[in-house]
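The values are calculated or read from the model by the stated rules, or taken from the named source; none is laboratory data. Note that the structure is a prediction, hence the values are computed from the model and not measured. So basically every Cβ, Gly included, is an ideal-geometry build from the backbone, and we count neighbours across all protein chains shown. When the accessible area is computed, the model is the full protein with side chains, heavy atoms only, and any ligands, DNA or RNA have been set aside. Shrake-Rupley method; radii C 1.70, N 1.55, O 1.52, S 1.80 Å.
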Amino acid sequence: MNKKVVLIILIVAIILGSLFLVRKFLFSQSRQLGGHEELPNIQIFVTADGTDGEKIGCDDNLIPYEVATTVPTDPSQHLEVAIQTLLTTEPVGDREMNNALLASDLQISSAYVDENGNATIELSGNLSLGGVCDGPRIQNQLEKTALAVSGIKSVEIFINNSPLADLLSGK
């Protein structure tokens, strides 16, 4: 091959390699500076068939479901992303899974974690129950998803300023 062609190919390869390394460095710096850490997965909880998982009302199994996303390192923001993910994710896989929250029209008003690890989630919108089994499903899905966020020890959940437990009990 002509020496000029080899030299041009070598120069192009060096330039492309340099651009790749610069892009990778800048991307990692922007994640650190923005207070975000790219985590491989965020964990939400759904119900599924089978025998694994935690047994909840109506003989359902509550299981973790992984969703790939970028998650803030701040616990309150991480909680907000986790709950938003739960409210909007339809689980898919090689087994039957259900997200009882998809029947509702709920939005996050606020999500807060105090210095002691106590979380408060305030949702607004319409809670829709498809039957008596949906109450335990919804409560457990929300609580377990919140408790999966690092540092959270307890959680209170409100919908339209009413405690979730009161709404589910008919109070």
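General observations
- The test for being modelled with pLDDT of 95 or more, out of contact with any Phe, Trp or Tyr (no Cβ under 6 Å at 6 or more places or on another chain) and within 12 Å of PHE45 (Cα to Cα) does not hold for LEU123.
- Filtered by the rule that a residue be open to solvent by 60 Å² or more (accessible area, probe 1.4 Å) and assigned to a helix (DSSP H, G or I), region 57-76 gives CYS58, ASP59.
A quick yes/no check of all residues on (1) surrounded by 19 or more Cβ atoms within 10 Å (Cβ to Cβ); (2) free of Cβ contacts under 8 Å to residues at least 40 places away in the same chain; (3) assigned to a strand (DSSP E or B):
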{"site": "VAL46", "(1), (2), (3)": "yes, no, yes"}
{"site": "HIS78", "(1), (2), (3)": "yes, no, no"}
{"site": "THR85", "(1), (2), (3)": "no, no, no"}
{"site": "ARG95", "(1), (2), (3)": "no, no, no"}
